[in-house]
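Colleague: Take a look at the following structure, please.
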Protein chains: 4
Amino acid sequence: MPYTMPSYKPPDFSSPQFAAAPLAVFRAAAQDGVAPEQFHATSIFPEYFKVKEGGWQLLRESRMDCVVVLEAGGRLSVKEFRHLKQGDLVAIGRKENGEEGIFVHANGFDFPEHVMEKFSFRTRITRETSFSIDYDELYDLLEYERTNGFILWVLGPATVFDRDSRKAFTALVESGYVHGMLAGNALAVHDMEASLFGTALGQEIYSKRSVALGHYKHLDTINRVRTLGSIKQAIDRGVVKDGIIRALVEKRIPYVLAGSIRDDGPLPGVIESAYVAQDGMRSLARQATTIIALATQLHAIATGNMVPSYIVTGRDKVRPVYFYSVDMSEFAVSKLADRGSLTARSILTNVQDFVVTVERGLRKRCEG
Amino acid sequence: MPYTMPSYKPPDFSSPQFAAAPLAVFRAAAQDGVAPEQFHATSIFPEYFKVKEGGWQLLRESRMDCVVVLEAGGRLSVKEFRHLKQGDLVAIGRKENGEEGIFVHANGFDFPEHVMEKFSFRTRITRETSFSIDYDELYDLLEYERTNGFILWVLGPATVFDRDSRKAFTALVESGYVHGMLAGNALAVHDMEASLFGTALGQEIYSKRSVALGHYKHLDTINRVRTLGSIKQAIDRGVVKDGIIRALVEKRIPYVLAGSIRDDGPLPGVIESAYVAQDGMRSLARQATTIIALATQLHAIATGNMVPSYIVTGRDKVRPVYFYSVDMSEFAVSKLADRGSLTARSILTNVQDFVVTVERGLRKRCEG
Amino acid sequence: MPYTMPSYKPPDFSSPQFAAAPLAVFRAAAQDGVAPEQFHATSIFPEYFKVKEGGWQLLRESRMDCVVVLEAGGRLSVKEFRHLKQGDLVAIGRKENGEEGIFVHANGFDFPEHVMEKFSFRTRITRETSFSIDYDELYDLLEYERTNGFILWVLGPATVFDRDSRKAFTALVESGYVHGMLAGNALAVHDMEASLFGTALGQEIYSKRSVALGHYKHLDTINRVRTLGSIKQAIDRGVVKDGIIRALVEKRIPYVLAGSIRDDGPLPGVIESAYVAQDGMRSLARQATTIIALATQLHAIATGNMVPSYIVTGRDKVRPVYFYSVDMSEFAVSKLADRGSLTARSILTNVQDFVVTVERGLRKRCEG
Amino acid sequence: MPYTMPSYKPPDFSSPQFAAAPLAVFRAAAQDGVAPEQFHATSIFPEYFKVKEGGWQLLRESRMDCVVVLEAGGRLSVKEFRHLKQGDLVAIGRKENGEEGIFVHANGFDFPEHVMEKFSFRTRITRETSFSIDYDELYDLLEYERTNGFILWVLGPATVFDRDSRKAFTALVESGYVHGMLAGNALAVHDMEASLFGTALGQEIYSKRSVALGHYKHLDTINRVRTLGSIKQAIDRGVVKDGIIRALVEKRIPYVLAGSIRDDGPLPGVIESAYVAQDGMRSLARQATTIIALATQLHAIATGNMVPSYIVTGRDKVRPVYFYSVDMSEFAVSKLADRGSLTARSILTNVQDFVVTVERGLRKRCEG
């Protein structure tokens, strides 16, 4: 079934409520990195600011818990606190109903009634929830997004701990279902360890046999790539012969490897600074129309923080941004489901099965 | 790859250790349901009893935590305490090395070395363990067992909460991969609720839509079957048109529905007595060569208690009995993995994905 | 802070809506154990039936998923399907607003506003939820209930796997905070195993040392009690010297041990029939004003099914029935929290810590 | 019971095996940050290197997965790959038995037999394991460490989501049981949010009431501290009046706040670079004699990576380093328990209960 985009209904700004609203107030930041008191913080929803009479401006590339800055040309931008510069004009006001020139439009999308219903019931997603429809909807969505959207994957290392799952995700990359990837050092290390040694953390990724001196395998992988100077070199010279990272590099698909305090190495190219990494992640998140986070709390929550529930494409087309989190624990997925948006979905399962199933499902559709 | 049965090497009873061993001692039970002091309790392993000079007898149809009774004809039987009758001759002795005429043979199977190794490493199975090989080995095993063994499934109700999973398990029944099933009232109720109303606990099993008066759906299902007097009637009269229970009944595959204190109803045919239910379960467990328990702690542990690690077929052929537990939580599967046997396996995933994947995997092999 | 009972506001039956309502319809059951079509099923809320003009009768001792029978004297009783007799007059009607002479009063209790608020926010209880207030409220409640209510505990075996927890619960029994207990065979077996051998499943409950022939300890315990014929005998003869069961027996506190298919033994006194056990459990549940379920899904859900959100005391006083579930997993507690009642509470923690903390908290209050 | 330190038995280097061993080989690093092929990687155990005839040198301040560098003066240091400089002399060899001049001493500590036994049994720690003894041993240990050791805590934010837990941990700081703390931005943010607003993420930490504009509370906290320029300023000026961070600062206890991609803000003082943060963490980890990690996978694993199982104090005294991980999930704690050391301990419970219980237990001992 082809994917149907829910239509978006902007607020009716000709109504008296909006006509009578004052202009949004902006106040200059007194210091770098610090917002004025009573700053307005963004949500995941479409937000409109009355920047001039008759002109409500919709935020583009928004994300939650940031501030809104009126740029020189009159355009609004959504900034993290740490990016504020002294003198930046920051939006002030905490009412969301227009009374302060700010309107948060939480229910703009015209989701079909059964989705609404379903979600009202579905507040608790557990391991016993039925997920057949979620797979089918996801196939529809990914087929659509492959050519019309930007599919951003967020991967935990478990994705490459298993041979079939690693192979299936590589196939997803090769067949065009991956437009960007966010992960950490470990995902890349173990993906390449699998290519060099057939292992992950010293255990064969198919037979589970623990190889001799297994605890050296990831260190040798890291050291070899560090010797060559870059992941790209390791691939170009044929040291890394297969896997997810190689597929991404060969297809020139952008990815961000964010450093963390758990890292060994790290691999060249892993971003050391947490906040430079956030900027890199957000540069992909800005474009994303569907995000799928697999078996990682750290990266999934980080990405969730920087992804709004909508995206503005073209001049002013608004569409939803879908956020799937796939994990084994109710606790992990409910951290993300708390976004309170119809565009957040959870599937509780092992990511290995998820990746293998989704790849097979999409392939079968193409063939079928 | 065709399944290879590990060979079994019985103890060498001609060795001096065994030749010199005394006969096993049996003492009469003084009361019904009570064993004499120092009774021997069975394990999951093959156990031999020296019942006459030169004659070590292997237990058939064993299970753990039971007593061994010397029957009139000289045959040994393995009995639950509650089945002991006054005067029954009960084996005495707690040494397992032959010194008391009792020998527990824990390492009789000749598993290939890589299995041994793998298992030594694999002591902790987590959600991040690689499971590709487990699926492949399971396909091999189930193909073999379909014609040569007895595959016993133990199902939690989550198996029928999802349309695709329910359909896939029904297909497994129809294609011969199910020789027996153990479950509770809820599995049967919600399977038939799905047939009557398309729901499980009032929620559609595909769309997840909550139907009007949904909380009546399982009660109406139960009440309707109770009106007809039996599950068989409900199927014969066409009230229950599809699903797992119908497939089992039509293919005359034995199943046991054990009652529990959680039950509504119950359905006709659900066994009220916990211990009569145990007997019914064990009558299937005695024949089982592979058991697969899905998403149920109560029934999985109960079944695990009554399943040994081996089965004697024909006159004296000994082969392993495999026990798979499939669940979402490390806690649940480790309860079963504690059996300490190479024949116990765990897969950590959502059972919906498991069932759909296994059915597809087996079907593809048949077609391929 | 002394516990404050929320007041209960019955519906205003003098209002036109109720005055105009028809009498509730009752239809005779055609067979034993089967309800007439369109039977009304009970909820956990107070329900009123217009049995005669001007007379709305409130259900007493209700529970969910049962039917309502008009008894000879005009009194209504709430029956499980399996207890229906041919000819029983069963209430008919599925509207809950009075239109069919049946009114379900879901919001009768006057909970303080902050409780309402708190709960609206608190829909998701996770391991990261703050629980300080829940302990404090529980102390208040239990102090009140000790003399004014009926505190029913539902125990999983983990409660006695730890020395301090077993001791603390025994102290709760001795100091009057336990008016009834529901559990299974295992709780009693391991509690008495601890008394006889200092172990649970062969592991010392303090040092964790695994004793020699540990796997015999619970079997020897069961066999010894079976020899004596009853738990009472085992206590009277000094075989069982301490622990929870001994304390209950000595203080003549009623308890129900429900049999299950997992049981070894069972102990004498364990109820074999799941449905006789349900009746026994319900006979305590009918009196309960606060229920606390610890680390058991099976017994907690079973009890939850038979406990309403209110109790009628004296002639017609209505008060809430509180239901606490204490467990380690979001999945387990959310099964119970789905009751949708302000009287259901969850605490996510290890039950050992919970029991020790609650006993200490209550003791300190008494001393303080 | 006063804590008894297990004695340490160094290898007998006078034995022929060691006398005949060759000198360890060191090879110069060819590039910065890259080790020579066949580098030796460190473990968590005491390791000895034969650097000259008759001289086996024990590594001090070791950690796993690092390389060993022979410094100018003949001293060995344990370095992360990223700290290697061109020309550094790196130990070569992967045999651990002395054959290559390297000896890994995995069983040097003389743990009492019951500890050994206990641990052999205890391979699986679950929510049903008995933890009474762990609390008692921990009290003994912490009393000893308070004056004789260095207790390093690793905190997840859940520690401050609850009023009683936050208060109890603050008391631990004030009474001398905290010598260092490792955490992330969130712990500090919500601890100070509690001081400024009484909330964590906008929910009151005792009543659970959701305050108006709650989602601004942590942002306002961060923004206020950023305005003042430092956490120290926020404390000195009385903005932050209580809590864990204030107690640490006032008692001049060192702490490291490591930045992560999940951070809002961040607070001043949070270390942006993952690897600078690692260095900071390791500078505390080097001194640690007992580490306790509460409800954080990221920080607990990161710390576990940099903590060996032993520490050398004074000239050459070797004692164990204990590592406790406290969490709600078997999965989380088994990640750390895989260290395979008798010095790693796990307690499965809610950290709120853990902190409150430990503080009370220690206080009672002091008073008692």
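The values are calculated or read from the model by the stated rules, or taken from the named source; none is laboratory data. Small disclaimer: the values here were computed from a predicted structure and weren't measured. Neighbour counts run over all protein chains shown; Cβ positions are idealised from the backbone, glycine included. Side chains are part of the model used for accessible areas, which takes the heavy atoms of the whole protein and leaves out ligands, DNA and RNA. Shrake-Rupley method; radii C 1.70, N 1.55, O 1.52, S 1.80 Å.
Colleague: Here's a check for you: in the range A:245-256, which residue that is out of contact with any Leu (no Cβ under 7 Å at 6 or more places or on another chain) and within 18 Å of A:I271 (Cβ to Cβ) is surrounded by the fewest Cβ atoms within 10 Å (Cβ to Cβ)?
Modeller: For the range A:245-256, the residue satisfying everything is A:I253.
Colleague: Give the residue, chosen from B:I133, B:I151, that is closer than 30 Å to B:I244 by Cα and touching a residue at least 12 places away in the same chain (Cβ under 8 Å).
Modeller: B:I151
Colleague: Could you please give the count of residues in the range A:16-30 that are in a loop (DSSP other than H, G, I, E, B) and modelled with pLDDT of 95 or more?
Modeller: So the answer is 6.
Colleague: Any residue at all in the range D:307-318 that is closer than 19 Å to D:F131 by Cβ and in contact with a helix residue (DSSP H, G or I) (Cβ under 9 Å, 6 or more places away or on another chain)?
Modeller: Our first condition is that a residue be closer than 19 Å to D:F131 by Cβ; within the range D:307-318, this holds for none.
No.
Colleague: Kindly establish whether D:V34 is surrounded by 14 or more Cβ atoms within 10 Å (Cβ to Cβ), among the β-branched types (V, I, T) and free of Cβ contacts under 8 Å to residues at least 40 places away in the same chain.
Modeller: no
One line per residue, one yes/no per condition, for (1) free of Cβ contacts under 8 Å to residues at least 60 places away in the same chain; (2) of a type in the set (D, E):
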{"site": "A:A158", "(1), (2)": "no, no"}
{"site": "A:Y177", "(1), (2)": "no, no"}
{"site": "A:R209", "(1), (2)": "yes, no"}
{"site": "A:D220", "(1), (2)": "yes, yes"}
{"site": "A:V239", "(1), (2)": "yes, no"}
{"site": "A:L257", "(1), (2)": "no, no"}
{"site": "A:I261", "(1), (2)": "yes, no"}
{"site": "A:P266", "(1), (2)": "no, no"}
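Colleague: Among helices (runs of 4 or more DSSP H) lying entirely in the range C:263-368, which contain 3 or more residues that are more than 30 Å from B:H83 (Cα to Cα), open to solvent by less than 20 Å² (accessible area, probe 1.4 Å) and touching an Asp or Glu at 6+ places or on another chain (Cβ under 9 Å)?
Modeller: Per the criteria, C:330-337, C:351-367.
Colleague: Quick one: B:R252 ticks every box in (1) closer than 14 Å to B:M181 by Cα; (2) in contact with a helix residue (DSSP H, G or I) (Cβ under 9 Å, 6 or more places away or on another chain) except a single one, so which number is it?
Modeller: Condition (2) is where B:R252 drops out.
Colleague: Considering every residue within the range B:209-231, establish whether at least one is within 22 Å of C:R94 (Cβ to Cβ), away from chain C (no Cβ under 14 Å) and touching a strand residue (DSSP E or B) at 6+ places or on another chain (Cβ under 8 Å).
Modeller: yes
Colleague: Can you tell me how many residues within the range D:178-193 are away from chain C (no Cβ under 14 Å), closer than 19 Å to A:A274 by Cα and small (G, A, S)? Give the derivation first.
Modeller: Step one: of the range D:178-193, the residues away from chain C (no Cβ under 14 Å) are D:178-185, D:188-189, D:192.
Retained after the next criterion (residues that are closer than 19 Å to A:A274 by Cα): D:182-185, D:188-189.
Still in the list and also small (G, A, S): D:183-184, D:188.
The total comes to 3.
Colleague: Restricting to the range C:141-167, name every residue that is in a helix (DSSP H, G or I) and open to solvent by less than 10 Å² (accessible area, probe 1.4 Å).
Modeller: Of everything in the range C:141-167, those that are in a helix (DSSP H, G or I) and open to solvent by less than 10 Å² (accessible area, probe 1.4 Å) turn out to be C:L141, C:L142, C:E145, C:A158, C:T159, C:V160, C:S165.
Colleague: Moving on to the next point. Looking at the range D:267-308, which of its residues are over 11 Å from the mean Cα position of the chain (by Cα) and of a type in the set (S, T, Y)?
Modeller: D:S273, D:Y275, D:T296
Colleague: Here's a follow-up. Report yes if D:L196 is within 11 Å of another protein chain (Cβ to nearest Cβ), of a type outside the set (D, E, K, R), open to solvent by 20 Å² or more (accessible area, probe 1.4 Å) and touching a helix residue (DSSP H, G or I) at 6+ places or on another chain (Cβ under 7 Å), otherwise no.
Modeller: no
Colleague: To continue, here is another question. Going by the conditions given, is C:T170 within 19 Å of C:T4 (Cα to Cα) and modelled with pLDDT of 95 or more?
Modeller: In short, no.
Colleague: Next question, about the same structure. Output the number of the condition that C:Y177 fails; it satisfies all remaining conditions of (1) part of a loop (DSSP other than H, G, I, E, B); (2) buried (at least 22 other Cβ atoms within 10 Å of the Cβ).
Modeller: Among (1) part of a loop (DSSP other than H, G, I, E, B); (2) buried (at least 22 other Cβ atoms within 10 Å of the Cβ), the lone unmet condition for C:Y177 is (2).
Colleague: Among the residues of the range C:219-235, is any under 19 Å from the mean Cα position of the chain (by Cα) and over 22 Å from C:H299 (Cα atoms)?
Modeller: Looking for residues that are under 19 Å from the mean Cα position of the chain (by Cα) and over 22 Å from C:H299 (Cα atoms), one finds none in the range C:219-235, hence no.
Colleague: For the range D:37-69, which residues satisfy the criterion of being open to solvent by less than 40 Å² (accessible area, probe 1.4 Å), small (G, A, S) and more than 14 Å from chain A (Cβ to nearest Cβ)?
Modeller: Residues satisfying the conditions are D:G55, D:S62.
Colleague: May I ask you to list pairs of residues, at least six apart or on different chains, whose Cβ atoms are under 8 Å apart, with the first in the range D:290-313 being within 13 Å of another protein chain (Cβ to nearest Cβ) and the second being hydroxyl-bearing (S, T, Y) and open to solvent by 10 Å² or more (accessible area, probe 1.4 Å)?
Modeller: Sorted first by the residue in the range D:290-313, then by its partner, the pairs are D:L298/A:S260; D:L298/D:S260; D:A302/A:S260.
Colleague: To continue, here is another question. Residues being open to solvent by 40 Å² or more (accessible area, probe 1.4 Å) and not polar (S, T, N, Q): count how many of those fall in the range D:199-210.
Modeller: 4
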